[in-house]
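Just below is one structure, and these are the notes that go with it.
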Amino acid sequence: MIDFKELLKEHGIAPSIQRIKILEFLEKNRIHPTADMVYQALVQEIPTLSKTTVYNTLKAFTEKGVLVALSLFENEVRYEYNTEPHIHFKCIKCGKIYDISKAFECLNNKEIEGHKVLEHHVNLKGICKNCRD
């Protein structure tokens, strides 16, 4: 089990109930949610939670390297707990975003054709296996 309180301290973020709950949600629900989706999922459990708190918390987590903020396919920002190299696949029917762990070889390279790789983004669109059935 992940000690989120300790994880936040390691990244220089003061732990609070709201911050821990947001991080727990993202770790358990790898759905690449928007800030509003995080808020909607937690507001029943934490009635004092505000959208501003969610936005500010996600911004702090991203700035400190706890999460990754993604601008994948539209003009919306989504958040994910998985900071390992991987590919994103978005279904054009259901709108879900999936992590593809079978990374292309180039994702493991720190240098490609003499270029130093600092970060990478590979996004695919199509129809997911659930919508195809």
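Among residues of the range 39-54 that are under 10 Å from I22 (Cα atoms), those with a beta-carbon under 7 Å from a residue that is modelled with pLDDT of 95 or more and part of a loop (DSSP other than H, G, I, E, B) at least six positions away or on a different chain give the pairs Y39/L49; L42/L49.
Return yes when P15 is over 24 Å from S101 (Cα atoms), in contact with a helix residue (DSSP H, G or I) (Cβ under 8 Å, 6 or more places away or on another chain) and free of Cβ contacts under 8 Å to residues at least 40 places away in the same chain and no when it is not. Lay out the reasoning, then the answer.
On the way: over 24 Å from S101 (Cα atoms): yes; in contact with a helix residue (DSSP H, G or I) (Cβ under 8 Å, 6 or more places away or on another chain): yes; free of Cβ contacts under 8 Å to residues at least 40 places away in the same chain: yes.
It is true that P15 is over 24 Å from S101 (Cα atoms), in contact with a helix residue (DSSP H, G or I) (Cβ under 8 Å, 6 or more places away or on another chain) and free of Cβ contacts under 8 Å to residues at least 40 places away in the same chain.
The values are calculated or read from the model by the stated rules, or taken from the named source; none is laboratory data. Keep in mind that this is a model prediction, so the values were computed, not measured. Counting neighbours? That spans all protein chains shown, and the Cβs are built from the backbone with ideal geometry, glycine included.
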